[in-house]
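A short write-up of the structure that comes next.
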Amino acid sequence: RAVQVSEQLGARRTAARARLQLASAYESQGKAAEALTIVQSVLPFLQANSYRQWEVDALQIATRAHQMRGEIDRARQTATDVLKTAERVKDELNVALALTNLASIDTTIGEYPAALRSRVRAEAIHRRLGDEASLPYDLVNRADLLVRLGRTREAEVLLSELEAGARRGLDGYVGRSARVVYL
C-alpha cells in the first residue's frame, strides 16, 4: 500500500524506500525471487540519485536472496561490493552485516577459515558499537566455526560468554541457549 500511495503522489524517494521494505519482507519470508525483482527495479534509481545508504540496504537484501537461491558466486560478489561501499562511506553497521553475509556464504561452501576471519571482524565492530542484539549471534556462529576447525578450547571461551549472558537473562543470549548446548 505504501508503494502504491507514494507512486500516486509522485514521491519517488518514498516509493523506493517502501519497495526496499517490501523486498526485505519477501527476503525474510524466503521469497528470494520476489525480493530480487524488487531490488533490481529500485537499484538504478538509488544509484542515480546517490542514495548510498539505501543502495547498501538493497544490496544486502540481494546478497541474502542470491544465497537463498544457491547463487553463491553472485551472493559473494554482491556481499563483497556491499563491503567495499560500506567501508568507503564508513558505515560500520553495514560493514559488519556484509561481513556476516560473507561469513554465512563461506560457511555454506566450507571455507571455514575465511568465514572465521569475517566473523571476527564483524564481532569486533559489534563489540565496539555496543550492539548487544548482534553480539550473541556473532559469538555462537564464531564458536560453531571454531568447533568445525577443531579449535574447541577457543570455542569454549565463547560458549561460556554466551552461557553467562543467558544466566543474566539477556534475550539474545537466552535465544541462543539451545545452539550453545548443541555446540
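The values are calculated or read from the model by the stated rules, or taken from the named source; none is laboratory data. A quick note: this is a predicted structure, and the numbers were derived from the prediction, not measured. Positions of Cβ are backbone-derived with ideal geometry, glycine not excepted, and every protein chain shown enters the neighbour counts. The accessibility values were calculated without ligands, DNA or RNA, using every heavy atom of the protein model including side chains. Shrake-Rupley method; radii C 1.70, N 1.55, O 1.52, S 1.80 Å.
The table below gives the values:
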{"read-out": "The chain - accessible surface per residue (Å², probe 1.4 Å)", "value": "53 Å²"}
{"read-out": "Rg in Å to one decimal, and Dmax rounded to a whole Å, for the stretch 126-183 via C-alpha atoms", "value": "10.7, 30"}
{"read-out": "Listed residues 140, 89, 56, most fluctuating in the chain (Gaussian network, C-alpha, under 10 Å)", "value": "89"}
{"read-out": "Alpha-carbon centroid distance for the pair the stretch 78-143 / the stretch 1-47, whole angstrom", "value": "25 Å"}
{"read-out": "Top of 21, 40, 29 by mean-square fluctuation, Gaussian network on the chain, Cα under 10 Å", "value": "29"}
{"read-out": "Identified option (computed Cα Rg over 2.2 N^0.38 Å; candidates (1) 1.36; (2) 1.13; (3) 1.04)", "value": "(2)"}
{"read-out": "D_trans [Stokes-Einstein, Kirkwood Rh over alpha-carbon pairs] for the stretch 81-183, 10 °C, 1.306 mPa s, µm² s⁻¹", "value": "115 µm²/s"}
{"read-out": "Sparse-neighbour loop sites [trypsin sites (Lys or Arg not before Pro); the stretch 11-52; at most 16 other C-beta within 10 Å; DSSP]", "value": "31"}
{"read-out": "Cα-based equivalent ellipsoid of the stretch 1-94: semi-axis lengths in Å, sorted from largest, via gyration tensor", "value": "22, 17, 9"}
{"read-out": "About the Cα centre, charge dipole magnitude for the chain (Lys/Arg +1, Asp/Glu -1 at Cβ), debye", "value": "180 debye"}
{"read-out": "Loop trypsin sites (Lys or Arg not before Pro), the stretch 82-131, which have at most 12 other Cβ atoms in a 10 Å radius of their Cβ (DSSP)", "value": "90"}
{"read-out": "Residue with peak Gaussian network fluctuation, the chain [Cα springs, cutoff 10 Å], from 24, 104, 134", "value": "134"}
{"read-out": "In sequence order, calculated HN-Hα J values of the stretch 26-37 (Karplus, 6.51, -1.76, 1.60; Hz; x Gly/Pro)", "value": "4, 4, 5, 8, x, 9, 5, 4, 5, 4, 5, 4"}
{"read-out": "Nearest-10 value in Å² for the accessible area of residue 177, using the 1.4 Å probe", "value": "40 Å²"}
{"read-out": "Charge tally in the Cβ shell below 11 Å around residue 107, where Lys, Arg are +1 and Asp, Glu are -1, residue 107 excluded", "value": "0"}
